[in-house]
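First the structure, in the form of C-alpha coordinates, and then the observations on it.
The values are calculated or read from the model by the stated rules, or taken from the named source; none is laboratory data. Remember, predicted model here, so these are calculated numbers, not experimental data. Virtual Cβ from ideal backbone geometry, glycine too; neighbours counted across all protein chains shown.
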Amino acid sequence: MNLPNKITVSRILLIPIFVIVMVIDFGWGNMTFLGAEMPVEHFVGALIFIIASTTDWIDGHFARKYNLVTTLGKFLDPLADKLLTAAAFIILVELGMAPAWVIIAILSREFAVTGLRSILADKGTVVAASNLGKIKTWTQIVAISALLLHNIIFINFGLPFDDIMLYIALFFTMWSGWDYFYLNRHALLESK
(Lines give C-alpha, C1' and ligand atoms only; values in the text may rest on other atoms or scores of the structure.)
Protein backbone atom coordinates (compact mmCIF):
# COMPACT_ATOMS: atom_id res chain seq x y z
CA MET A 1 0.00 0.00 0.00
CA ASN A 2 1.49 3.34 -1.03
CA LEU A 3 1.72 6.50 1.10
CA PRO A 4 -1.41 8.26 -0.25
CA ASN A 5 -3.51 5.14 0.42
CA LYS A 6 -2.07 4.88 3.95
CA ILE A 7 -3.05 8.49 4.56
CA THR A 8 -6.56 7.74 3.29
CA VAL A 9 -6.80 4.73 5.62
CA SER A 10 -5.72 6.97 8.52
CA ARG A 11 -8.71 9.20 7.72
CA ILE A 12 -10.99 6.17 8.01
CA LEU A 13 -9.35 5.17 11.31
CA LEU A 14 -9.95 8.64 12.79
CA ILE A 15 -13.72 8.30 12.27
CA PRO A 16 -14.45 6.09 15.32
CA ILE A 17 -12.27 8.33 17.49
CA PHE A 18 -14.22 11.37 16.28
CA VAL A 19 -17.55 9.63 16.94
CA ILE A 20 -16.56 8.53 20.44
CA VAL A 21 -15.41 12.03 21.39
CA MET A 22 -18.61 13.58 20.02
CA VAL A 23 -21.20 11.20 21.48
CA ILE A 24 -19.77 10.30 24.89
CA ASP A 25 -20.03 12.91 27.62
CA PHE A 26 -16.60 12.81 29.20
CA GLY A 27 -17.59 15.56 31.62
CA TRP A 28 -14.98 17.96 30.26
CA GLY A 29 -17.40 20.85 30.71
CA ASN A 30 -17.84 23.90 28.53
CA MET A 31 -15.38 26.37 27.10
CA THR A 32 -15.59 29.77 25.48
CA PHE A 33 -13.52 30.29 22.38
CA LEU A 34 -13.71 33.43 20.21
CA GLY A 35 -17.03 34.33 21.78
CA ALA A 36 -18.76 30.99 21.32
CA GLU A 37 -19.52 28.70 24.23
CA MET A 38 -19.40 25.01 23.50
CA PRO A 39 -18.75 21.69 25.18
CA VAL A 40 -15.05 20.83 25.18
CA GLU A 41 -15.95 17.52 23.50
CA HIS A 42 -17.32 19.47 20.52
CA PHE A 43 -14.12 21.48 20.21
CA VAL A 44 -11.92 18.37 20.42
CA GLY A 45 -14.23 16.50 18.03
CA ALA A 46 -14.08 19.41 15.59
CA LEU A 47 -10.29 19.37 15.69
CA ILE A 48 -10.24 15.63 15.00
CA PHE A 49 -12.71 16.13 12.13
CA ILE A 50 -10.63 18.96 10.65
CA ILE A 51 -7.40 16.94 10.92
CA ALA A 52 -9.09 13.94 9.29
CA SER A 53 -10.50 16.18 6.56
CA THR A 54 -7.12 17.70 5.71
CA THR A 55 -5.79 14.23 4.97
CA ASP A 56 -8.03 14.36 1.87
CA TRP A 57 -5.88 17.14 0.42
CA ILE A 58 -2.63 15.54 1.62
CA ASP A 59 -3.26 12.12 0.10
CA GLY A 60 -4.33 13.67 -3.20
CA HIS A 61 -1.27 15.92 -3.26
CA PHE A 62 1.14 13.00 -2.77
CA ALA A 63 -0.73 10.80 -5.24
CA ARG A 64 -0.53 13.41 -8.00
CA LYS A 65 2.97 14.72 -7.22
CA TYR A 66 4.62 11.29 -7.17
CA ASN A 67 2.30 9.64 -9.71
CA LEU A 68 0.92 7.24 -7.10
CA VAL A 69 -2.71 7.28 -8.28
CA THR A 70 -4.11 3.76 -7.95
CA THR A 71 -7.44 2.07 -8.47
CA LEU A 72 -7.52 1.37 -4.74
CA GLY A 73 -6.97 5.06 -4.04
CA LYS A 74 -9.73 6.06 -6.47
CA PHE A 75 -12.03 3.75 -4.52
CA LEU A 76 -10.85 4.50 -0.96
CA ASP A 77 -10.58 8.29 -1.18
CA PRO A 78 -14.25 9.06 -1.94
CA LEU A 79 -15.32 6.26 0.43
CA ALA A 80 -13.29 7.80 3.27
CA ASP A 81 -14.81 11.22 2.53
CA LYS A 82 -18.33 9.80 2.59
CA LEU A 83 -17.79 7.83 5.81
CA LEU A 84 -16.30 10.83 7.61
CA THR A 85 -18.90 13.36 6.48
CA ALA A 86 -21.80 10.92 7.01
CA ALA A 87 -20.68 10.26 10.59
CA ALA A 88 -20.39 13.98 11.25
CA PHE A 89 -23.76 14.81 9.65
CA ILE A 90 -25.55 12.12 11.65
CA ILE A 91 -23.97 13.39 14.87
CA LEU A 92 -25.05 16.95 14.02
CA VAL A 93 -28.65 15.78 13.65
CA GLU A 94 -28.44 13.85 16.92
CA LEU A 95 -27.15 16.98 18.67
CA GLY A 96 -29.92 19.11 17.14
CA MET A 97 -27.39 21.22 15.23
CA ALA A 98 -28.59 20.41 11.69
CA PRO A 99 -32.07 19.80 10.24
CA ALA A 100 -32.71 16.14 9.51
CA TRP A 101 -34.25 16.80 6.08
CA VAL A 102 -31.05 18.47 4.83
CA ILE A 103 -28.91 15.60 6.07
CA ILE A 104 -31.29 13.00 4.60
CA ALA A 105 -31.04 14.75 1.21
CA ILE A 106 -27.24 14.88 1.41
CA LEU A 107 -26.87 11.26 2.51
CA SER A 108 -29.39 10.07 -0.11
CA ARG A 109 -27.25 11.64 -2.82
CA GLU A 110 -24.16 9.96 -1.37
CA PHE A 111 -25.84 6.53 -1.39
CA ALA A 112 -27.15 7.08 -4.93
CA VAL A 113 -23.72 8.06 -6.28
CA THR A 114 -22.12 5.13 -4.45
CA GLY A 115 -24.66 2.84 -6.16
CA LEU A 116 -23.82 4.33 -9.53
CA ARG A 117 -20.11 3.87 -8.80
CA SER A 118 -20.85 0.18 -8.11
CA ILE A 119 -22.63 -0.17 -11.44
CA LEU A 120 -19.71 1.51 -13.22
CA ALA A 121 -17.19 -0.65 -11.38
CA ASP A 122 -19.12 -3.74 -12.45
CA LYS A 123 -18.65 -2.54 -16.03
CA GLY A 124 -14.91 -2.09 -15.40
CA THR A 125 -14.93 1.67 -14.94
CA VAL A 126 -13.51 3.35 -11.84
CA VAL A 127 -14.31 7.05 -11.81
CA ALA A 128 -12.23 9.50 -9.80
CA ALA A 129 -13.94 12.44 -8.10
CA SER A 130 -14.77 15.32 -10.42
CA ASN A 131 -13.96 18.96 -9.68
CA LEU A 132 -17.60 19.53 -8.81
CA GLY A 133 -17.47 16.54 -6.47
CA LYS A 134 -14.39 18.02 -4.80
CA ILE A 135 -16.19 21.35 -4.32
CA LYS A 136 -19.09 19.40 -2.82
CA THR A 137 -16.78 17.65 -0.39
CA TRP A 138 -15.04 20.84 0.72
CA THR A 139 -18.30 22.78 1.19
CA GLN A 140 -19.52 19.89 3.33
CA ILE A 141 -16.30 19.95 5.36
CA VAL A 142 -16.49 23.71 5.91
CA ALA A 143 -20.18 23.45 6.91
CA ILE A 144 -19.57 20.58 9.32
CA SER A 145 -16.54 22.32 10.85
CA ALA A 146 -18.47 25.56 11.36
CA LEU A 147 -21.39 23.70 12.95
CA LEU A 148 -19.15 21.59 15.21
CA LEU A 149 -17.34 24.75 16.32
CA HIS A 150 -20.64 26.51 17.08
CA ASN A 151 -19.96 29.21 14.47
CA ILE A 152 -17.06 30.57 16.57
CA ILE A 153 -15.60 32.97 14.05
CA PHE A 154 -18.84 34.62 12.98
CA ILE A 155 -20.97 34.52 16.15
CA ASN A 156 -19.83 37.98 17.25
CA PHE A 157 -20.97 39.42 13.93
CA GLY A 158 -24.41 37.82 14.11
CA LEU A 159 -23.74 35.99 10.86
CA PRO A 160 -25.08 32.42 10.75
CA PHE A 161 -22.13 31.28 8.64
CA ASP A 162 -22.58 27.67 9.80
CA ASP A 163 -26.18 27.52 8.59
CA ILE A 164 -25.37 29.35 5.34
CA MET A 165 -22.55 26.90 4.62
CA LEU A 166 -24.82 23.94 5.32
CA TYR A 167 -27.24 25.11 2.61
CA ILE A 168 -24.38 25.87 0.22
CA ALA A 169 -23.14 22.33 0.85
CA LEU A 170 -26.64 21.01 0.16
CA PHE A 171 -26.71 22.93 -3.14
CA PHE A 172 -23.34 21.59 -4.32
CA THR A 173 -24.21 18.10 -3.11
CA MET A 174 -27.37 18.03 -5.22
CA TRP A 175 -25.71 19.68 -8.23
CA SER A 176 -22.72 17.34 -8.22
CA GLY A 177 -25.04 14.34 -7.81
CA TRP A 178 -27.12 15.41 -10.80
CA ASP A 179 -23.93 16.00 -12.79
CA TYR A 180 -22.52 12.60 -11.86
CA PHE A 181 -25.70 10.82 -12.99
CA TYR A 182 -26.00 12.89 -16.15
CA LEU A 183 -22.41 12.22 -17.23
CA ASN A 184 -22.78 8.49 -16.51
CA ARG A 185 -26.39 8.01 -17.65
CA HIS A 186 -25.22 5.50 -20.27
CA ALA A 187 -24.41 3.04 -17.46
CA LEU A 188 -28.04 3.10 -16.33
CA LEU A 189 -29.51 2.99 -19.82
CA GLU A 190 -27.40 0.12 -21.16
CA SER A 191 -28.69 -3.39 -20.85
CA LYS A 192 -26.15 -5.88 -19.59
Test for residue 52: is it at pLDDT below 95, farther than 19 Å from residue 167 by Cβ and in a helix (DSSP H, G or I): no
Evaluate the following for residue 156: is it in contact (Cβ under 8 Å) with a residue 24 or more places away in the chain, more than 24 Å from residue 59 (Cα to Cα) and assigned to a helix (DSSP H, G or I)? yes
Restricted to segment 134-155 and to residues being crowded, with 21+ Cβ neighbours inside 10 Å and small (Gly, Ala, Ser), the residue nearest to residue 104 (Cα to Cα) is 143
Mind listing whichever residues of segment 74-130 are outside any helix (DSSP H, G or I) and of a type in the set (Lys, Arg)? 123
Name the single residue that is surrounded by the most Cβ atoms within 10 Å (Cβ to Cβ) among those in segment 156-192 being modelled with pLDDT under 90 and of a type in the set (D, E, K, R). 185
Considering segment 3-42 alone, what residues qualify as being part of a helix (DSSP H, G or I) and of a type in the set (S, T, N, Q)? 5, 8, 10
Can residue 67 be described as exposed (fewer than 13 other Cβ atoms within 10 Å of the Cβ), closer than 21 Å to residue 172 by Cα and either small (Gly, Ala, Ser) or out of contact with any strand residue (DSSP E or B) (no Cβ under 7 Å at 6 or more places or on another chain) (or both)? no
Keeping to segment 16-47, report how many residues are surrounded by fewer than 19 Cβ atoms within 10 Å (Cβ to Cβ) and either touching a residue at least 24 places away in the same chain (Cβ under 8 Å) or of a type in the set (Asp, Glu) (or both). 10
